[in-house]
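No lab work stands behind these numbers, since they all come straight from the coordinates. Every value quoted in this text rests on a predicted model; they were computed, and no experiment measured them. Quick reminder, even Gly has a Cβ in these numbers, built from the backbone with ideal geometry, and neighbours come from all protein chains shown.
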Ligand code: DAK
């Protein structure tokens, strides 16, 4: 499999973007600060997302952090400390834009979480579709202990993922939980030994990429949009996305291959 390091027109400082076949790997690369999210890193993520969004050969994304110790240890406290209200607002808008772009990206995103996923790091993982954690991963929303509320969607996504009571407990107490507990409460999909983390994430990406990319994209859209509305509206959204599948050649290919008892050859069109 060819691995290419993507050279983006806009040079990235704190993020790398690699492509392996139909898979893109975004790595947040500030290990000295445990991959904490400063403005430059958020801007880099924005550029990487745009590149992936526009690349029809990419069907699935893995988002990870450089080094074994940390996925992302939160928003950059050193940068945040001296922000004025305008700076704080700009930082918040940038972060929320990037997180929402990941959440609504036209392909699934798997977070591969080696170590700390704290504050904005836990929130970043929650903006992804699927979370795979190493046995050493740790999760927390420590914001209340810093005198703030979670600001990158933690108050909204955590209760949607783990339920109201558990989310409130974690956010009010700032408790740090390990990977086993994160799995138990449904915050992560899978826990694997650290040395297998990327292989497991790639295995899941390969399983996703074996299916029709347009159908997967529409599944993501239907799930995301449907979760925000009542069931009557949600069913309409599902029907709309179901209908769109029939505009794709891959729908004909998938069904024809089944009837002809042969392997499918999806082309993302
Ligand atoms: N920001 C900046 N630097 C960080 C950092 C962070 N979040 N976390 C770690 N670092 C840096 C440390 O300062 C240290 O740098 P040097 O001193 O070596 O220069 C280096 O990373 C290694 O960290 P430690 O020496 O502390 O390593 P330890 O193993 O002792 O401890 C730790 C690891 C992860 C337990 C500890 O570093 C830690 O507690 N880190 C902070 C975790 C945290 O509280 N994270 C939540 C941040 S609050 C907003 C929206 C969202 C947010 C804010 C605003 N708006 C809408 C405006 C989000 C807020 C957050 O995420």
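A few points about this structure:
- Semi-axes of the equivalent ellipsoid of segment 116-174 are 17, 13, 11 Å, computed as sqrt(5λ) over the eigenvalues of the C-alpha gyration tensor in descending order.
- Relative to the longest principal axis of the Cα atoms of the chain, the long axis of helix 231-245 lies at roughly 50 degrees.
- Look at the alpha carbon pairs under 8 Å that are at least 6 residues apart: their mean separation over the length of segment 168-253 gives a relative contact order of 18 percent.
- Of the two radii for segment 42-85, the radius of gyration is 1.10 times the Kirkwood radius, both from the alpha carbons; that is the Rg over Rh value.
- Rounded tilt (10° steps) of 164-173 against the dominant C-alpha axis of the chain: 30
- For segment 1-129: rounded, prolate or oblate by the Cα gyration tensor [a/c cutoff 1.5]: prolate
- Calculated log₁₀ intensity ratio I(q)/I(0) where the Debye formula runs over C-alpha points of segment 200-266, q = 0.17, 0.20, 0.27 Å⁻¹: -0.71, -0.86, -1.07
- Helix 249-259 and the longest principal axis of the Cα set of the chain meet at an angle near 60°.
- Kirkwood radius for segment 77-226, taken over all pairs of different Cα atoms as the inverse mean of 1/r, rounds to 16.2 Å.
- Percentage relative contact order, segment 21-90, counting C-alpha pairs under 8 Å, at least six apart: 47
- Projecting label points 7 angstrom from Cα along Cα→Cβ for residue 176 and residue 32 puts them 2.3 nm apart.
- Taking segment 113-136 and a reference point 7 angstrom along Cα→Cβ of residue 69, the backbone N atoms nearer than 16 Å belong to 114-118, 136.
- Values of log10 I(q)/I(0), in the order q = 0.07, 0.09, 0.15, 0.17 Å⁻¹, for the chain under a Debye, Cα-only, solvent-free model: -0.26, -0.42, -1.14, -1.40
- Per-residue [θ]222 nm for the chain (sum of -39500 (n - 2.57) over DSSP H runs n ≥ 4, rounded to 500): -14000 deg cm²/dmol
- As a proxy for reagent exposure, ranking 42, 124 by other Cβ atoms within 10 Å from fewest up yields 42, 124.
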